[in-house]
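Participant: Got a structure for you, written out below as structure tokens; questions coming shortly.
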Amino acid sequence: MSKNKFFWSWKQNIGIIIGAALVAFGLFYIVKNPDFFTASVLSLQEKAFIAEKWRDIAYKTNSGYVDIFMAEKLETPASIDFTISFDKDTVTIDPANLSGQGTRIAKTPDENNIVIQFTPNGTIDKTQSAVLLPFSGDMTDILLSEAIAVGQKNLSIGSLNEITSHSK
């Protein structure tokens, strides 16, 4: 075996080892951080429920998230203020990991409420959650209490927890 062939073979093996290590690191990262790929989507039953009850906004609390959705019929406002109320003794919210579509800013006016200012950036996919707020604790002690389209009106809110409670 010539020196060039040996060097090329050694270089190729080192490249394979480094590539395998990078792939393994990426898989390890994904397994340890499943929230990285978190997205909540409305089922057909939930979409029908929102339309049937004439709601502008709907929310559900499951899997440690408050998921807030906009109705298909709602013309996307310039901004919406969502007020989420919770029992501070049984629920811990995590506004630092707030996610979703558009721009989201969390403010805590008092110890039992958080206000999320949501500003859509372009087109909003109304089949996916506009805002995802992580929390831990009893999901019955947290609710979306108010949604106001800034400069317009109070929006009607519906809870999707009742129709999805069977899917645990």
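Values quoted throughout were computed directly from the atomic coordinates according to the rules given, and no laboratory measurement underlies them. As the structure is a computational prediction, the values presented were derived from the model and not from experiment. Heads up, the Cβs are rebuilt from the backbone with ideal geometry, glycines too, and the neighbour counts pull from every protein chain shown.
Participant: Give the distance, in whole Å, between the Cα centre of the stretch 119-143 and the Cα centre of the stretch 59-113.
Facilitator: 5
Participant: Turning to a different aspect of this structure: Let me spell out the model: positive unit charges on the Cβ of Lys and Arg, negative unit charges on the Cβ of Asp and Glu, origin at the Cα centre of the chain. What dipole size does that give, in debye rounded to 20?
Facilitator: My answer is approximately 1200 debye.
Participant: Further question on the same structure: Going toward the positive end of the dipole of the chain, with +1 on Lys and Arg Cβ and -1 on Asp and Glu Cβ, which of SER99, VAL23, ILE124 do you reach last?
Facilitator: Checked the options; the winner is VAL23.
Participant: Simple spin-label model, 7 Å along Cα-to-Cβ: ALA20 to SER156 in nm?
Facilitator: 6.1
Participant: Here's something else I'd like to know. Only bridges whose two residues both fall in the chain count here: according to DSSP, what percent of them are antiparallel, nearest 5? Numbers along the way, then the final one.
Facilitator: On the way: 36 of 39 bridges.
Around 90 percent of the beta bridges assigned by DSSP in the chain are antiparallel ones.
Participant: Further question: Which angle from 0 to 90°, rounded to the nearest 10, does the C-alpha axis of helix 3-32 make with the longest principal axis of the chain?
Facilitator: Result, in degrees: 20.
Participant: Select one label from (i) 1.22; (ii) 1.00; (iii) 0.97: the one whose number is Rg/Rh (Cα atoms, Kirkwood Rh) as derived from the coordinates shown.
Facilitator: So the structure-derived entry is (i).
Participant: Quick check on my link table: of LYS47/LYS153; LYS32/LYS107; LYS53/LYS73; LYS73/LYS153; LYS60/LYS107; LYS47/LYS88, which ones sit more than 19 Å apart, alpha carbon to alpha carbon? Provide the component values of the computation, followed by the final result.
Facilitator: Details: LYS47/LYS153 22 Å; LYS32/LYS107 29 Å; LYS53/LYS73 12 Å; LYS73/LYS153 15 Å; LYS60/LYS107 21 Å; LYS47/LYS88 31 Å.
The pairs that break the limit, which is 19 Å between Cα atoms, are LYS47/LYS153; LYS32/LYS107; LYS60/LYS107; LYS47/LYS88.
Participant: OK, next. Using 0.36 nm per residue, how much length does the chain from SER136 to LYS107 gain when fully extended, once their Cα-Cα distance is taken away?
Facilitator: Values: separation 29, 0.36 × 29 = 10.44 nm, distance 1.83 nm.
Roughly 8.6 nm would be gained on extension.
Participant: Let me ask you something else. 5 Å is the cut-off here: which amide hydrogens, built 1.01 Å from N in the peptide plane, fall below it relative to GLY102, excluding neighbours closer than 5 in sequence?
Facilitator: For GLY102, the qualifying residues are ASN121.
Participant: VAL66's amide H: which non-local residues (gap 5+, or another chain) put their own amide H closer than 5 Å, with H modeled 1.01 Å from N in plane and none for Pro or chain starts?
Facilitator: HN-HN under 5 Å from VAL66: LEU133, PHE135.
Participant: Ordered by residue, what ³J(HN,Hα) values in Hz, to whole numbers, does the stretch 86-99 give under the Karplus form 6.51 cos²θ - 1.76 cosθ + 1.60, where θ = phi - 60° and Gly and Pro are x?
Facilitator: In residue order, the calculated couplings are 8, 8, 5, 7, 10, 10, 10, 9, 10, x, 5, 10, 4, 9 Hz.
Participant: So what's the back-of-envelope 222 nm ellipticity for the chain, counting only DSSP H runs of four-plus at -39500 (n - 2.57) apiece and dividing by all residues, rounded to 500? All intermediate terms of the calculation are to be shown ahead of the outcome.
Facilitator: Numbers: 3 runs with 43 residues, N = 168.
Calculated from helices alone, the mean residue ellipticity at 222 nm is -8500 deg cm²/dmol.
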